[in-house]
Amino acid sequence: MRKLIKNPALIITVDTNGKNFKRGKELSNISVLTNHSILIENGIIKDLVPNSSLNKISADEVIDVKDKIVLPGLVECHTHAAFAGSRSIEFFQRLKGASYEEILQNGGGIISTVQSVRNSSYDELINLLQPKIDNFISQGITTLEIKSGYGLSYYDEIKLLQVINHFKKFYKIDIIPTFLGAHVFPLEYKNDHEGYLNLLTDELLPYIIKNNLSEFVDIYCESSAFNLKETELIISKAKKLNYKIRIHTNQFNSIGGIQLAIKHKVLSVDHLEVINENEINDLAESETVAVLLPGASFFSNTNYAPARSLIDKNAIVALSTDYNPGTSNIINLHLIMSLAAIYMKMTAEEIISSVTINAAKALSMDQITGSIEINKLADFAIFDVKDYKDIIYNIGQNLTLMTIKKGEIIYQKT
Ligand code: NIG
Ligand code: FE
């Protein structure tokens, strides 16, 4: 089956010359191609054809995108979209001055979402998650990561991962489930960290990988969650089972999570709002992706990660919504792109690289998606804009015209 995406105004290829990520200055080069069309064969990018040679091309189907702009399918690499309940009360408490960590210490925060998830059935959680996935797809997202982390018991973590995995069967986009059992210590293990660590490492980690529920482990390494020693223990056990590792770190405190992550060559470190000069330098020299989450800073009214200095020092930077009910109740990657411009002074080109190829690298999907290069998946986000900067400038609007996954239109604006 051959298809042609015909005659767009621009194709932003985010070409990497086969390197599959961008660091430092490279983020600024997004490779803008004019007068070309994209030939797809069996869901894979076969060729980028100059429009002057289109008469030599035969295709079974033509998707006419005249005057539109084609980007690689967007990659949303960090969400906690599988949850139940609302934390609006806590949102307003924080606006009155209570801190996130105080609320968590008092059994609110993550723990309150855990209660809601434990009280919800598998079917209820499916019904809550489905419209959220549809929403992400309507934004041009073709690869979506979703973490567990609101079950925090053997039964409820597996339930959440099964809910996330359910959608892999019914959706064309790539859904990447991540096991975040190490989110915080649940109340029943508040005074028995060893007991919870044993549950995670001896029971959940082996069960989850064996039953194909997730290949990724995420750990919240913070003074209010898992300390350095506990984080390292989980990393070591997870590595033995061949998991790919990511960590949430440096959101509120710098306790050494970045150095630990680099030592273990983890895929990404996410958050980084509180980060010192040495940590920036070390990260910038590593292969670990710095996933920045300006939505969490905006929603929680806290400081932003130093994107400029990370990029200027040569780091591999990605962006994501961190969509979750407590610190970033923002299900809008385009808004995050605008926040990155306004509050983190990232350029439009750096932002585009950060939600495509570098986000794909954080998910270890960079060999197959994240840029428009021959032999990669035919994953595209097509925007109804005159200039790609308009996607960022028109704050809060969804200007996606079409989402294409493996050559198939999976969303079209009506
Ligand atoms: O990435 N801080 C840890 N995890 C999430 C928040 C989850 C929550 O508050 O429910 C985050 O910000
Ligand atoms: Fe998060």
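So, of the residues in the stretch 127-156 that are within 15 Å of ligand 1 (Cβ to nearest atom) and over 22 Å from Leu74 (Cβ atoms), which turns out to be surrounded by the fewest Cβ atoms within 10 Å (Cβ to Cβ)?
Leu128
Of the numbered conditions (1) in contact (Cβ under 8 Å) with a residue 60 or more places away in the chain; (2) closer than 26 Å to Leu363 by Cβ; (3) within 16 Å of ligand 1 (Cβ to nearest atom), Pro186 satisfies every one except a single condition; which is it?
(2)
Counting residues that are among the aliphatic types (A, V, I, L, M), over 16 Å from the mean Cα position of the chain (by Cα) and modelled with pLDDT of 95 or more, which helices (runs of 4 or more DSSP H) fully inside the stretch 324-385 reach at least 1?
333-344, 348-354
Check Gly295, Gly370 and return the single one that is touching a Phe, Trp or Tyr at 6+ places or on another chain (Cβ under 8 Å), under 25 Å from Ile146 (Cα atoms) and of a type outside the set (D, E, K, R).
The unique qualifying residue is Gly295.
Restricting the search to the stretch 78-126, which residues are over 26 Å from Tyr155 (Cβ atoms), away from ligand 1 (no atom under 15 Å from the Cβ) and of a type in the set (D, E, K, R)?
The one that is over 26 Å from Tyr155 (Cβ atoms), away from ligand 1 (no atom under 15 Å from the Cβ) and of a type in the set (D, E, K, R): Lys96.
Can you name every residue in the stretch 264-291 that is within 22 Å of Gly181 (Cα to Cα) and out of contact with any Pro (no Cβ under 9 Å at 6 or more places or on another chain)?
His264, Lys265, Val266, Leu267, Ser268, Val269, Asp270, His271, Thr288, Val289, Ala290, Val291
Please specify each residue of the stretch 310-332 satisfying the condition of being surrounded by fewer than 24 Cβ atoms within 10 Å (Cβ to Cβ) and farther than 17 Å from Gln251 by Cα.
Hits for the stretch 310-332 are Asp312, Lys313, Asn314, Ile330, Ile331, Asn332.
Can you name the condition, by its number, that Ser37 falls short on among (1) buried (at least 16 other Cβ atoms within 10 Å of the Cβ); (2) among the polar types (S, T, N, Q); (3) part of a loop (DSSP other than H, G, I, E, B)?
Status for Ser37: all satisfied but (3).
The values are calculated or read from the model by the stated rules, or taken from the named source; none is laboratory data. Quantities reported herein were computed from a predicted structural model and do not represent experimental measurements. Glycine gets a Cβ as well: all are built from the backbone with ideal geometry, and neighbour counts include every protein chain shown.
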